[in-house]
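Written below as structure tokens is the structure these notes are about.
The values are calculated or read from the model by the stated rules, or taken from the named source; none is laboratory data. It should be emphasised that the depicted structure is a prediction, and the values quoted were computed from it without experimental measurement. Here the Cβ positions follow ideal geometry from the backbone for every residue, glycine too, while neighbour counts run over all protein chains shown.
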Amino acid sequence: MLFLIDYENVGNIGMKGCDYLGAEDRLIVFYSEAKKHMEKRTLENITASGCIFEICKLCKTGKNALDFYIASKLGEVFGEGYDGIAVVISNDNGFQAVRDYWEKRATHKRRIILSSCIEDGIVSGNENSERMRHLRELREKLSISGYYSAYAERKRLKSVLQELFEGTQYEKEIEKIQTMLEGKEKNSKVVYLSSLHLFGKKEGLEIYHKIKESNRLQ
């Protein structure tokens with residue numbers, strides 16, 4: 001994907017999602033003397049991503065000057081043969097006209113996404129990729145109370161297991177045991193088989209019997 005950042009307009013907020021960039025992406029940051037600083041972590045995420053990274057500084061200030069720069073660069077890139085998705089990161093509504101031209105009027109139509117940050121642009125692009133699936137999963141809306149209940153139960157379970165296995169050779173395996181219990185139904189047979197599979201026959205049986213004897217894990 002091609003990302004053109006109206007940095008003067010969106011600032012560092014518009015760079016959200018830069019850690020999801022990859023070698024297949026091209027990122028061009030348009031900025032001016034008035035806004036020439038970017039957070040170190042953002043710049044490091046961009047360069048670490050392996051994407052094609054470019055900058056374009058405004059020569060002379062003027063109304064909508066950077067917008068014209070971006071629109072001109074977009075035409076230049078499309079003219080060079082780029083036919084992928086282009087994402088303009090800006091809150092300026094004027095770019096809707098640029099999008100309409102390339103999607104409806106141009107002889108060789110191109111898809112342009114208008115977004116307020118890189119992450120939103122990736123999601124709107126709806127590409128078939130692992131980063132897309134991961135972002136959709138992260139952005140899933142969950143019930144606050146439901147999530148907190150599960151969180152509280154995980155804390156309770158960890159506390160019970162720490163108390164149960166304190167002073168034993170399995171004290172360092174608490175996290176592994178907890179993952180086993182959380183990932184399975186509290187069915188004796190399933191827990192028994194899982195314990196043997198993860199820890200071996202002897203240790204697995206010992207762990208299983210301790211779990212079974214604890215009323216607080218039922």
Selection from segment 142-159 of residues that are surrounded by 12 or more Cβ atoms within 10 Å (Cβ to Cβ) and modelled with pLDDT of 95 or more: none
Being part of a helix (DSSP H, G or I) and either without any contact (Cβ under 8 Å) to a residue 12 or more places away in the chain or among the polar types (S, T, N, Q) (or both) is the filter here; which residues of segment 74-86 pass it? 75, 76, 79
When restricted to 39, 76, 80, 33, the only residue under 20 Å from residue 117 (Cβ atoms) and loosely packed, with under 13 Cβ neighbours inside 10 Å is 39
Those residues of segment 83-110 which are under 26 Å from the mean Cα position of the chain (by Cα) and more than 20 Å from residue 68 (Cβ to Cβ), in sequence order: 83, 84, 85
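Here is a yes/no grid of residues against (1) closer than 20 Å to residue 18 by Cβ; (2) touching a Lys or Arg at 6+ places or on another chain (Cβ under 6 Å); (3) outside the structural domain of residue 46 (by TED's automatic domain parsing); (4) without any contact (Cβ under 8 Å) to a residue 12 or more places away in the chain:
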{"position": "88", "(1), (2), (3), (4)": "yes, no, no, no"}
{"position": "104", "(1), (2), (3), (4)": "no, no, no, yes"}
{"position": "113", "(1), (2), (3), (4)": "yes, no, no, no"}
{"position": "128", "(1), (2), (3), (4)": "no, no, no, yes"}
{"position": "149", "(1), (2), (3), (4)": "no, no, yes, yes"}
Within segment 160-179, is there a residue that is farther than 20 Å from residue 211 by Cα and either exposed (fewer than 11 other Cβ atoms within 10 Å of the Cβ) or in contact (Cβ under 8 Å) with a residue 12 or more places away in the chain (or both)? no
Within the set of pairs 6 or more residues apart or between chains, which connect a residue that is not assigned by TED's automatic domain parsing to the domain that holds residue 64 inside segment 27-44 to a residue that is buried (at least 17 other Cβ atoms within 10 Å of the Cβ) and of a type outside the set (Phe, Trp, Tyr) with Cβ atoms less than 8 Å apart? none
In this structure, does residue 89 turn out to be β-branched (Val, Ile, Thr) and surrounded by 19 or more Cβ atoms within 10 Å (Cβ to Cβ)? yes
Residue list for segment 106-136, restricted to those being in a helix (DSSP H, G or I) and surrounded by 15 or more Cβ atoms within 10 Å (Cβ to Cβ): 118, 119, 120, 121, 122, 123, 125, 131, 132, 135
It is to be established whether one or more residues within segment 196-211 are under 31 Å from the mean Cα position of the chain (by Cα) and free of Cβ contacts under 8 Å to residues at least 12 places away in the same chain. no
Within segment 42-73, count every residue that is more than 28 Å from the chain's Cα centre (by Cα), exposed (fewer than 13 other Cβ atoms within 10 Å of the Cβ) and part of a loop (DSSP other than H, G, I, E, B). 6
If residue 139 passes every condition in (1) surrounded by 12 or more Cβ atoms within 10 Å (Cβ to Cβ); (2) within 30 Å of residue 93 (Cβ to Cβ); (3) in contact (Cβ under 8 Å) with a residue 12 or more places away in the chain but one, which one does it miss? (1)
